[in-house]
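Here is the structure we will look at, set down as structure tokens.
The values are calculated or read from the model by the stated rules, or taken from the named source; none is laboratory data. Everything quoted here is computed from the prediction, not taken from an experiment. All Cβ positions, glycine included, derive from the backbone under ideal geometry; neighbour counts span all protein chains shown. To get the accessible areas, we keep the full protein, side chains included, count just its heavy atoms, and leave off ligands, DNA and RNA. Shrake-Rupley method; radii C 1.70, N 1.55, O 1.52, S 1.80 Å.
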Amino acid sequence: FFNYADRQAIFAVFPLLEKELHLSSVQLGLLGSSFAITYGICGVFAGAIVDRVRRVSAVLWGLYTWSIICSATAISRTFPQLLAFRAAEGLGETVYYPASMSLIGAYHGHETRSRAMGLHQTSVYVGTIAGGFFAGLIGQQDGWRWSFMVVGAAGILLGAVLQRYLKEPRAAKRVDERMPLRETFALLLGTPTVLCLLGAFLCANFVAVVLLSWMPSFLYQRFHRSLAMAGLSATLFSPGLISRGTARF
């Protein structure tokens, strides 16, 4: 939930950033792509890192890192500062997904694993919707800086709760024998199913980044909706469209 709420928050307050920091459309677009570029590059190495540490630790420290960075975004006074914080947030979030998927796989057998992963994936869309709405709501009342501080602080509080209740599976054994990186890529790229899934995910995210980045601003400017309603309407619409497109693929 927070993994996606934090990343969506900035798009809901694009109009405020544009006005206060005098940002162009190109600069606003760079804020969205900087996160994606950092997240994508680091994602290649994130799985290898998670395989070498406790998965619970990866989830917790990833959550603390991106939540602190999200809150710290509020101190930005210039575009380069805002861009740096946005890119750094992608670095903090990248370890979460491989760690969470591995934990779910360890706790669940083939009878329940798909349902567990489906429930987990639902939180992606709920977090996206909530992040867009609450960031817009807070931003229109108290300014965009408070949007980042509140969302980031909530993630830190969640980390304190998870530190007590999130446990590593006792019976799970980590595999010590690891395939070399070169052989791993050769196996993945030589498997047609993997290539199809990579293609589907690439196409879905190509659409997702465009819609989730610009739809809130479009609704705010074109239809004169409030930041909160623009953020809510954009995120309610976009995930459904993306999901249908991926299903057709």
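Couple of notes before you dig in:
- Those chymotrypsin sites (Phe, Trp or Tyr not before Pro) in segment 189-242 that DSSP places in a loop and that have at most 12 other beta carbons within 10 Å: Phe223
- Annotation for segment 63-163: trypsin sites (Lys or Arg not before Pro) lying in DSSP loop with at most 12 further Cβ atoms inside 10 Å of their Cβ are Arg77.
- Under the span-like rule (Cα at least 18 Å along the axis, Kyte-Doolittle mean at least 0.5), DSSP H helices of the chain: 25-50, 55-72, 144-165, 192-222, 227-248
- Protein accessible area in the chain, 1.4 Å probe - carbon and sulfur %: 69
- Gaussian network model of the chain, springs between alpha carbon atoms under 10 Å - residue of Gly136, Gly109, Gly40 with greatest fluctuation: Gly109
- Summing Cβ point charges (Lys, Arg +1; Asp, Glu -1) relative to the Cα centre of segment 47-162 gives a dipole of roughly 120 debye.
- Under DSSP loop assignment and at most 11 Cβ neighbours within 10 Å, longest GluC sites (Glu not before Pro)-free interval of the chain: 1-110
- Cα pair count fraction exceeding 20 Å, expressed as % - segment 13-142: 54
- Helical content of the chain, expressed as a calculated mean residue ellipticity at 222 nm, amounts to -27500 deg cm²/dmol (DSSP H runs of 4 or more residues, -39,500 (n - 2.57) each, divided by residue number, nearest 500).
- With Cα atoms as the point set, segment 112-202 shows a radius of gyration and Dmax of 19.8, 54 Å.
- Rounded accessible area per residue of segment 1-152, 1.4 Å, Å²: 45
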